[in-house]
Each structure stands twice: as C-alpha cells, then as structure tokens.
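**Student:** Pasting a structure below so you can have a look.
Bear in mind that the values in this text are calculations on the coordinates, not laboratory data. Remember, predicted model here, so these are calculated numbers, not experimental data. Virtual Cβ from ideal backbone geometry, glycine too; neighbours counted across all protein chains shown.
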Amino acid sequence: MRKVKVLLGLGLAVILSGGASAAPLEASLTTPLGITIQELHGSGERYKSPPPEKDAAGRELPSPFPFFAQGSPRRGERHTFANDRGMTLYTYAKDTEAGKSACYGDCAKAWPPAVVPAGAKAFGEWTIITRTDGIKQWAYEGKPLYAFVKDTVPGERKGDGLAEKAWTTARFEGVEGLQPPFGINVAESDYANGYVLVDSRRLTIYTFDGNPARNTQACATSSCPNHWQPVVAAQLANPKGDFSIIASAEGGKQWVFKGKPLYTYSGDVKSGDTTGAGVDKKYQVAVLAKHFIPKQAVIRDDPARGAIIATADGMTLYRRDTSFHQPDGHGLPGSTPGSPMVGHAMGTKSCVDDCLVQWKPFVPAAGAQPSGYWDIVSRGDGTKQWAYKGFALYTYTGDKKPGDKTGNDIYDIVVTEDHAVDVYAPGGPVNITDSAALFWSYVEP
Amino acid sequence: MPTGNVKRFAWLAGLGAAAVFASGAAMAEQSRSFAVGWFIQAAHSYEGDCPDGHNPLPEEMFREQFRGIGMPDEQIEKILGGLKGGNSDAYTKSQIVNRGRINGKPVNAYTYPMAVPDVGFHEVKGKFAYGFNLDGKADEKSYEDPETGEKGVDNGYWRAIGCNINHRGSAKEIPTEWALHWDNERDKMPAWLVTIKGADLSKDGPVTVQFRKALEHVSRDANGYVRSDSTFRVDPDPRWQASLKGELKGGVINVTEPGEIHLSGDPYGLTELDLRQSRLRLTLNADGTAEGILGGYMPWIRIFFVYGSSGYNSETMIGTDIPGVYYALRKHADAYPDPKTGQNTAISTAWRLALVPAFAIPAEGESD
C-alpha cells in the first residue's frame, strides 16, 4: 500500500480564545519531480482486455487491444508510481536499512534506480538517498524506488513479485494518515487538483482563517450569495486526531481541522464543486494533497464545462483519442475519460505533418521535469511535448482567446478508399474491430 | 454529473418560464423549447417500392463477398457455420471483420470498405418518400412526399438503403436499424435542442427555429420515454448553434430560408449532425410535444460511420452489410462534388423528429 501521507501545516491556533491561524492548510504534492503516476495496464473496467481469440487451428489471433493484454487488475490497484519515462517503480524487500540501497551491480542493471533530477527536493515521505556511486535516488517512506528493465511501456509491472516476491509495485492510492470523524471524508477534486475534505454529501469543505465567533454572515438567508455553512458535529461527537470541536457561531457544534473551523459553501451543489474558492480569501478549500501541475498550465473553471486544463494564459489544451463506443459518451462534461494506455499507444504520432498546421504541441519550458500525471514525451523531430494521463497535449489554432474551445468534439473518420494508406500505423486509431475514427477533446483533470 | 447540472439549474428554468409568462405582453418575442426525443431516418415503406426485392441478409451477402475474393465454398461455409450473432466464434468473427483484401492480404472491411466486393444494394424505386425538394428540380431520381405532396423530393439516403429489411418502416413504425442506434445513443450523447421563437406562437406568423446542443443528455421517465420539461444548459460554442427562419401556419412550422445545422453527437449514432440546405416541417401538438421531418444534404461518410462504428455487431445482429452501405451511399450521393474527383460528398436525407417540451438556458445561468 502506497499512499501519500498528509502533510499539513501546524496552524493550530487558539480558536476558542478568539485567535486565528493565518495560513491556509499546507498541502503536500503527491509526487516529486521525476516521479509520475501511471494507470496500470488493463486497469479500468471499461478497458479491460477481451480474452485472446483463436483461429480454426487454435492459434491465438493478434489482439485488437494489445495494450490491454494483462487484463483488469483488482480494484484499488489502478495506479502506480513511475519514473520520468512512465515505467513502473518497485520497492525491494532487501532494502532493510533506511536510506540505503542493497541493489548494485547486476541487480542495479536489471532494476535501475529512480534518479532524482537536478533541482528536485525531498519533502514529506519523499526522501533522497545517495548511492555508493554518487547517484541520487528517490525513496518513498524510506524505501528506495527502482524501475525494471523488462517493463517497456507505461503501466507495465512485469517485475511485480519477482525474486520470491522481493520486488513489489509501488502503488499510488491517494492519501493516508488521516482518520476523519464520521461525516467527513477525503475525496479527489478536479478543481483543486488533489485531495480535499468533503462532508457526508461529498461536498467540498473549506477552512476558515479567523475567529468563528466574529464570522458574521453577510446575510443569513439561503439566497445569500456568500453563504458559508458550518460543518456540523453531532451533539455526541468527540474530537478525533486533528479534528476538534467548537461551539458554532450559529449554534450547535462545529468541526475544526488543524485549528481551522470547517465550512461548506452554498454554491457547491455536487461532488467536486469548489465554487467557494476565491469568494473570500479567509475561506480556503481544505486541500490535503495536490497533484503536480507545471507552471505552464492551470486548471480552469469553465462555466459550461467545469474543470478543464489550459495553458497558463488560458488557452484550452486538447488531446486526440481513438473513437470508442463508450458507455458515457465522448462529448459531455464528465463523460468517459480517455484510457491512458490508448494515449501512450498513440503517442505523438497521432498528430504529424498536416495535422500540425492546426494543432500545436504543448512544449515544456526549458528544464521542465515530469511529475504526477504529467509526462514529457519526445516527438519524431526530437522536440519535447507535455502529455497528461498518457495523451500528448496540443493547443488549437482555431481558438483565438482564452476560454475558447473550438477544437473540442472534432471527429476525423479515417475510412479510406486509398488502399495504400495504413490506417492503423503507429499513431492511428487502435480499435480495429469497427470503422476507425479519431477525435479531439478538451482535457479534464 | 449531468443529472446534478439539471438539478442545479432547475430553479433558473422556473425563473425563465415565469419571466416568459409574466412579461409576454411587454416582450416582442415568445419562445418554446424542446429536446429531441427521437431522431431517425424518415422511412416510408410500402408494397412495391422495392420492385427488385429486398436486399438479402448479411449471411448471403458474406457468402457472395467471400466468393468475390476467391474463397473456396468449403471455407465459406465453415466461416458462416460459426455465425451466432454476437456470440460467433472467433474464427468466424475474424474472417468477417477482415473480409476485405488488399494485394491478397485480409483487411478490415469497415475501414477499407472498397476492399470488399460490391454486392449491389437494390434501390427504392417507389413514387413516395419523405423529404424536400432540395435542389429545386424534379427528375427520375426524385420522390413525392407522402404527406405534403411536394414533388421533386430529394432523398438519396432512402434510395440507397430503404430496401434493407431493417430499414423498412413508416411514420408509425420506427425502422429497426435507427431505433437501435438512437436508443443507444441518446442516453449518453448531448441532448439536441430545438427552440421556436416568434411574436405570438399561438398565431400564424414568422418564426425563428434554433437548433442547439445541450451540455447534458436527455433522461428517461419511468416508461422509458424521454422525460418532458427537463432543463438543459445550452453549449455556448457557436459551432453548435443554428438559427433558421420559418413560418408558423395552422400549427405547422416550415423553414423558409434553408441553412446549415451542426450538432455534435457520439459514435454509434451520428458523430455530428452536419446538415446543409436544411428544411424543416414541424407540427406543434396540443400536448406540448412536436414532430416533423428535417431534410438536407449530409456528408455521406458521417452516415456511413453510423454503421461502420458498430462494425461486426451491427452486421450480424442488426443485419446490414456495411461495405454495401458504403457503396450505396457513394453511388446515390447527389450534392457537393469533390472538386478534384467529382465524386459527390453529400447525400440528400430526410429525418423524423419527435420532440418533447424542455427548458433551454444558457450555460452561464440566465434563463432563455
């Protein structure tokens, strides 16, 4: 089990005596530079591999879904920590001494260490060890991390369980180290790009910096646009860990986390909403851990679409996917997300030559490093490109101003009369049981 | 998520409806919005419209195609012996999916349809078919609309495909092929919205007909019908918003100035309704619903993809030979020739619409 432990600022304050903690919760990143998160091969029930088909002679036919060849893993095993090339990372049972590696020589050739890029810093459970050859290696929870040379595509885990189970996949499973009281949970938020506290309705919880006794609402009716509602603790509830209880300014009891009173916002109506963010700087989304996002990109709250990923100057980013008959469709907010395995399989070859006239690769800044769901991939000409959750990212020349999304929902049907064209060449569609098509869509976190 | 969005804006819809009601006298315009509940090919089948007969079912088509690529009869029968709809054995499925041949090599029949021999669909030669006279001419390829009597009706799509058993239908009987496609798609594709605007929609007069795409899909009621009076946010993307001028007369709206309509959809159905020179005849029913015929030219490759995107399953379970569809659409395409090849890229079409009342609001929150 590998979870990102919650690292929070100790803004414990004297709430009951009227003091205030000045800083918002300090959320750690889920991954440091050079460590990515990859979806495991075959993960996602919607993408599980069909059983191999056989011809009349009993020979296995080529799978139309070669990248799903390992089948669907059990629930809770969806994501793995990976190196900067997306290769799965493992821990080694013989690494018993904290901060030291026991894998050198032939072992290190088969299991190359997860190298720390220049400028990366340790934090929380992520530490840096120095190997005997001077190489800096990432360790998580004190365990050095290694890739496996026989893994060739992101998400593979051919090394898992080898050497009598000495090698174990370093899985990413969200946050741990927090035991919220009944009625409070942890959920992943697209808008916050990380893990946040939510109430029993799965609505986002906010922390308040200030004296709750003086937290007079601008208005106390449901029509108030800035209506903050205390997260109510049951009368018989007891403090638990970092969660304490105060008398609410509106009567009853209210939960407090790390010294900060907790509220929900009336503008949030469904799970994942964070419409209260930015309304009042004293209220901050209770973020526990954040995913990496490069400085060149932002998560934009699109009024029509919800959270989508854009460049730092607001231009919508797009990915090109294979057109599947997907149960939740393609074109609506929250519809079936693209499979990272498909994105990896298509790579940067899904848009070359004439395609590049309208679609511009999203190029990393000099010295940028991959992390979290963000990979850096190489194009055929050697240039680099950001990829998110497996898909290479592009801007669209049809978009003229921040917020435009004119590249969304563009389908390219690749049925052809030209028999010299290899529709299924690398970069092309990967579904070969029906007619082939590709489509462009904006990118949801 | 879409359900949440609908709830979120339900109160806005109420405000919108109230505003229209209360200020109708003061405002110059009234509006009524609908969600598309059914969108299918407008079929009008009757005895004798296919004098050359109906097209054979795929099994017979497959046999002919395999013979066309020189396959021995013994192997053909072995392949066809494994046909069990969606549960066909792997060998049969693989052979049927890859029954195209390029330089002797098997290729996907749905991506390389012209690598499969053309079995030649029979065409609809009857006098009547739904639609409109799109090109202003009446010739041997034209039909007469069975309801309005309009002459010179252009409907190449019906001519191409209407002799397939699973496309047979009428105003009362939905053809199987489109019933399956639309019924599968409407629960997950963006709802398509139609809004009628006019000075007084209870009287005859000029109207504007808007076609717009929603940010939610339709939902169903307990009977499985598309739910009435739902609220939809309109996608602000101008690509998915069309406005056509028309005339309301006797409870029927006719578009008088044809134009383009673009509405994005989803694979298995139409990836995009991409209609040019669009005409509409829409009857406003007393119960608040509406129904009618939408016609226009459509890039035929988009229609082909409706079939191709469901590939083998569509062929063996619904019963349409997909390369045959490709050849037929290509043959009967009747507009927008490619400047290089001369091949027509669009085909005349007619679609049956069934609309339920709905509220359409801008995504940002103001009522419409």
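**Student:** Take B:Val209, A:Val352 and order them by how many other Cβ atoms sit within 10 Å, fewest up front.
**Tutor:** Details: B:Val209 25, A:Val352 13.
Ascending Cβ contact count within 10 Å gives the list A:Val352, B:Val209.
**Student:** Also, quick follow-up: Could you compute the FRET efficiency for A:Ile128 and B:Lys127, with r as their C-beta to C-beta distance and R0 at 60 Å, rounded to 0.05? Write down the numbers at each step before the final one.
**Tutor:** Numbers: r = 82 Å, r/R0 = 1.37.
Efficiency, rounded to the nearest 0.05: 0.15.
**Student:** Kyte-Doolittle cut-off 1.6, length cut-off 18 Å along the helix's own axis using Cα: show which whole DSSP H helices in chain B pass. Spell out each step's value before the answer.
**Tutor:** Details: long enough: B:10-23 (20 Å, 1.64).
Those that pass (Cα extent of 18 Å or more, hydropathy at least 1.6) are B:10-23.
**Student:** Considering the options A:Thr275, A:Val342, A:Thr311, tell which one lies farthest towards the positive end of the dipole of region A:266-346, charges being +1 on Lys and Arg and -1 on Asp and Glu at the Cβ, about the Cα centre.
**Tutor:** Value: A:Thr311.
**Student:** Among B:Asn103, B:Ala90, B:Phe66, whose Cα lies farthest out toward the positive end of the dipole of region B:58-115, if unit charges sit on the beta carbon of Lys, Arg (+1) and Asp, Glu (-1)?
**Tutor:** Selected residue: B:Asn103.
**Student:** Please list the radius of gyration and Dmax for region A:297-442, considering alpha-carbon atoms only, with Å as the unit.
**Tutor:** Gyration radius and largest Cα-Cα distance of region A:297-442: 15.0, 45 Å.
**Student:** While we're here: Once you put a point 7 Å from the Cα of B:Lys172 and another 7 Å from the Cα of A:Glu97, both along the Cβ direction, what distance in nm separates them?
**Tutor:** Between B:Lys172 and A:Glu97, the label points sit 8.9 nm apart.
**Student:** Go through region B:74-145 and name the GluC sites (Glu not before Pro) that are in a DSSP coil and have 14 or fewer other Cβ atoms within 10 Å of their Cβ. Intermediate values should be presented prior to the final figure.
**Tutor:** On the way: sites: B:Glu74, B:Glu77, B:Glu123, B:Glu140, B:Glu144; in loops: B:Glu123, B:Glu140.
Hits after loop and neighbour filter: B:Glu140.
**Student:** Count the net charge of all other residues whose Cβ sits under 11 Å from the Cβ of A:Ser189, scoring Lys and Arg as +1 and Asp and Glu as -1. Spell out each step's value before the answer.
**Tutor:** Working: positive: A:Arg202, A:Lys290; negative: A:Glu188, A:Asp190, A:Asp268, A:Asp273.
Result for the local shell: -2.
**Student:** Given Cβ point charges of +1 (Lys, Arg) and -1 (Asp, Glu) and nothing else, what value in debye, to the nearest 20, does the dipole of region B:146-192 about its Cα centre take?
**Tutor:** Details: 6 positive and 8 negative charges, 19 e Å.
So the magnitude is around 100 debye.
**Student:** A follow-up question, please. Please list, by residue number, every one of the trypsin sites (Lys or Arg not before Pro) in region A:351-445 that is coil in DSSP and has at most 13 other beta-carbon atoms within 10 Å.
**Tutor:** Details: sites: A:Arg379, A:Lys384, A:Lys389, A:Lys400, A:Lys405; in loops: A:Arg379, A:Lys389, A:Lys400, A:Lys405.
Passing sites in region A:351-445 are A:Lys400.
**Student:** Here's another thing I want to ask about it. If you take the beta carbon distance between A:Val279 and B:Lys245 as r and set R0 to 45 Å, what does 1/(1 + (r/R0)^6) give as a FRET efficiency, to the nearest 0.05? Numbers along the way, then the final one.
**Tutor:** Values: r = 43 Å, r/R0 = 0.97.
That gives a FRET efficiency of 0.55.
**Student:** Taking each pair of different alpha-carbon atoms in region B:268-368 once, compute 1/r for the pair, average those values, and report the inverse of that mean as the Kirkwood hydrodynamic radius in Å to one decimal. Can you show the working numbers first?
**Tutor:** Details: mean 1/r = 0.0624 Å⁻¹.
It is 16.0 Å.
**Student:** Would you mind getting the Kirkwood hydrodynamic radius of chain B from its Cα pairs, rounded to one decimal in Å? Provide the component values of the computation, followed by the final result.
**Tutor:** Details: mean 1/r = 0.0458 Å⁻¹.
Computed over chain B, the radius equals 21.8 Å.
**Student:** Moving on to the next point. Using label points projected 7 Å from each Cα along Cα→Cβ, tell me how many nm separate A:Val357 and B:Glu47, to one decimal.
**Tutor:** That separation, rounded to one decimal, is 5.7 nm.
**Student:** Turning to a different aspect of this structure: Taking the Cα-to-Cβ direction at A:Leu236 and at A:Phe182 and moving 7 Å from each Cα, how far apart do the two end points lie in nm?
**Tutor:** 0.7 nm
**Student:** Between the DSSP loop rule and a limit of at most 12 other Cβ atoms within 10 Å, which trypsin sites (Lys or Arg not before Pro) in region B:133-164 are left?
**Tutor:** Working: sites: B:Lys137, B:Lys141, B:Lys151, B:Arg159; in loops: B:Lys137, B:Lys141, B:Lys151.
Filter output for region B:133-164: B:Lys137, B:Lys151.
**Student:** I'd like the Karplus ³J(HN,Hα) series for region B:155-168: coefficients 6.51, -1.76, 1.60, θ = phi - 60°, whole numbers in Hz, and an x wherever there's a Gly or Pro.
**Tutor:** These are the phi-based 3J(HN,Hα) values: 8, x, 5, 5, 4, 6, 10, x, 9, 7, 3, 7, 9, 5 Hz.
**Student:** Give me the dipole magnitude in Debye, nearest 20, for chain B about the Cα centre, with unit charges on the beta carbon: positive for Lys and Arg, negative for Asp and Glu.
**Tutor:** On the way: 39 positive and 48 negative charges, 108 e Å.
In total the dipole reaches around 520 debye.
**Student:** Classify the protein assembly as shown as rounded, prolate or oblate from the Cα gyration tensor: take a ≥ b ≥ c as the square roots of its eigenvalues, call it rounded if a/c is under 1.5, otherwise prolate when a/b beats b/c and oblate if not. Please report the intermediate quantities before stating the final value.
**Tutor:** Numbers: a/c = 2.46, a/b = 1.32, b/c = 1.87.
Oblate.
**Student:** For a Förster distance of 41 Å, can you work out the FRET efficiency between the beta-carbons of A:Arg202 and A:Ala366, rounded to the nearest 0.05?
**Tutor:** On the way: r = 41 Å, r/R0 = 1.00.
Between A:Arg202 and A:Ala366 the formula returns 0.50.
**Student:** Within region B:185-325, how many lysine pairs that are 8 or more places apart, or on different chains, have C-alpha atoms less than 25 Å apart?
**Tutor:** Values: B:Lys188/B:Lys213; B:Lys197/B:Lys213; B:Lys197/B:Lys245; B:Lys197/B:Lys249; B:Lys203/B:Lys245; B:Lys203/B:Lys249; B:Lys213/B:Lys245.
Qualifying lysine pairs in region B:185-325: 7.
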